Amino acid sequence: MTTNQSPLPTQLQTVRARLAAACHACGRAAGEVTLLAVSKTVSPEVVEQAFEAGQSAFGENYIQEGVEKIIQLRHLPIEWHCIGPIQSNKTRLVAEHFDWVQTLDRLKIAQRLSEQRPFGLPPLQVCIQVNVDGGNTKSGVSPDEALALAQGVAALPNLRLRGLMSIPEPASDFVAACALFARVKAVFDELNAQGLALDTLSMGMSADLEAAIHSGSTMVRVGTAIFGERPAIKSGLAH
Ligand SMILES: *Cc1c(COP(=O)(O)O)cnc(C)c1O
C-alpha cells in the first residue's frame, strides 16, 4: 500500500514530465507519445478526478469492471481502451462499450468484434498484441504471425487497425528493455513496409516507459505511477 502518495494531479504531472523528458532525451517531440492511464481496480470517482486533471484516455483490463465504469462515467468524453484478454463470450460487451482494443491475437475474436460493433458507432480502433519473448502460454502473436493477422484484421469493416501492443517481460536494465522493445518496433516497421499504415505502437509501463519511448513507442500505458500501488488481485475478478 502506498500511504504517502502525492495527490493525483501531482502524480499525473510527474508522469507527464517523465514522458516529456524521455522524448527530449532521444530527440522526439513530446506530442508523439500518448499517455494511457491504466485504471484497473481504480474507482470511477478517482477516474473522474484524473479526467478533471486533464487525462482523457483510460485503459481497463477486466471487461466487466471496465464496462461498469464506462457506463457510470458516460457523461465524460473519455476514450476507453480494452487492454486485457478477451474471451469469445465477452466480445459483444467490448464491441458495444470500448473505443479501442489493444489485445487482439486471434482473427476469430476480431471477426466477432467487427460483427458486433453497433451500427452508428465509429469503427473500433484496434492493436494487435505481439509477444516477442517466447513463452507460448502468454497472450499475443509471435512476430511471424503478425503480418497475416494484421492483413485479416485490416479487411474487417468495423475495425480500424491502428498498430501493435506488447508487454515484454520486465528487463533487468534499460539496455535489456530497449532490446525487447526494439523487436516490437521491428515488427511494426515491417508491417508498415508491407503497406499497413500503422500509427500506434503501444509499449511501456510505469517501470520501463523511458526505454519504450527510446525504442519508438507512441503510447505508454501507466497505472501504478499515476494511481499508486494496486491492491492484490481479487481471486474472483473475471477477466
Ligand atoms: C496493469 C497494466 C499496465 C500498467 O502497469 P503499471 O506497471 O501499473 O504501470 C499496462 N498495461 C497492461 C496491459 C496492464 O495490464
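The values are calculated or read from the model by the stated rules, or taken from the named source; none is laboratory data. Remember, predicted model here, so these are calculated numbers, not experimental data. Cβ coordinates were reconstructed from backbone atoms using ideal geometry, including for glycine residues, and neighbour counts include every protein chain displayed. Surface areas here come from the heavy atoms of the whole protein model, side chains and all, with no ligands, DNA or RNA. Shrake-Rupley method; radii C 1.70, N 1.55, O 1.52, S 1.80 Å.
Rounded to the nearest percent, how much of the accessible area of segment 32-227 (1.4 Å probe, protein heavy atoms only) is carbon and sulfur?
Details: 4290 of 8230 Å².
Ligands and nucleic acids excluded, carbon and sulfur reach 52 percent.
From the phi of every residue in segment 66-77, what ³J(HN,Hα) in whole Hz does the Karplus formula 6.51 cos²θ - 1.76 cosθ + 1.60 yield, where θ is phi - 60° and glycine or proline is x?
Going residue by residue, I get x, 5, 4, 5, 4, 5, 5, 10, 5, 6, 9, x Hz, with x marking Gly and Pro.
Structure shown: which of Lys40/Lys90; Lys69/Lys185; Lys90/Lys185; Lys108/Lys138 lie over 24 Å apart, alpha-carbon to alpha-carbon?
As for pairs spanning more than 24 Å Cα to Cα, those are Lys69/Lys185; Lys90/Lys185.
As an exercise, use a Förster radius of 25 Å and the Cβ-Cβ distance of Arg74 and Ala197 to find the FRET efficiency, rounded to the nearest 0.05.
Given R0 = 25 Å and the Cβ-Cβ separation, E is 0.20.
What figure, in Å² to the nearest 10, do you get for the accessible area of Ser139 with a 1.4 Å probe and non-protein molecules left out?
Accessible surface of Ser139 is approximately 50 Å².
Once you charge only the Cβ atoms, +1 for Lys and Arg and -1 for Asp and Glu, what is the size of the charge dipole of segment 13-118 about its Cα centre, to the nearest 20 debye? Don't skip to the end; give the middle numbers.
Working: 12 positive and 12 negative charges, 73 e Å.
So the dipole magnitude of segment 13-118 works out to roughly 340 debye.
In sequence order, what are the phi-derived ³J(HN,Hα) couplings for segment 116-125 according to the Karplus relation 6.51 cos²θ - 1.76 cosθ + 1.60 with θ = phi - 60°, rounded to whole Hz, with x for glycine and proline?
My calculation for segment 116-125 gives 9, 5, x, 4, x, 8, x, x, 5, 7 Hz in order.
Please give, to one decimal in nm, the separation of the simple spin-label points placed at Glu45 and Gln64, each 7 Å out from Cα toward the Cβ.
Reported label-point gap for Glu45 and Gln64 is 2.3 nm.
Taking 7 Å along the Cα-to-C-beta vector as the label spot, tell me the Asp173-Glu52 distance in nanometres, rounded to one decimal.
Calculated label separation equals 4.4 nm.
Ile213: net charge of surrounding residues, Cβ under 10 Å, Lys/Arg +1, Asp/Glu -1, itself excluded?
Overall, the nearby charge balance is -1.
What residues have an amide H closer than 5 Å to that of Val101, excluding those fewer than 5 places away on the same chain, when H is modeled at 1.01 Å from N in the peptide plane?
It is Cys82, Gln125, Val126, Cys127, by chain and number.
For the chain, how big is the tail of P(r) above 27 Å, as a whole percent of Cα pairs? Working shown, then result.
Working: 9214 of 28441 pairs.
Taking all Cα-Cα pairs of the chain, the fraction more than 27 Å apart is 32 percent.
If you roll a 1.4 Å probe over the heavy atoms of the protein chains, what accessible area per residue do you get for the chain, in Å²?
47 Å²
Would you mind checking which residues have amide H under 5 Å from Met165's amide H? H placed 1.01 Å from N; only 5 or more apart, or other chain.
Ile128, Gln129, Val130, Ser202
Between Gln116 and Asp144, with labels modelled 7 Å along Cα→Cβ, what's the label distance in nm to one decimal, could you check?
3.1 nm
What is the set of long-range amide H partners of Lys40 at a cut-off below 5 Å, with H atoms built 1.01 Å from backbone N?
Asn61
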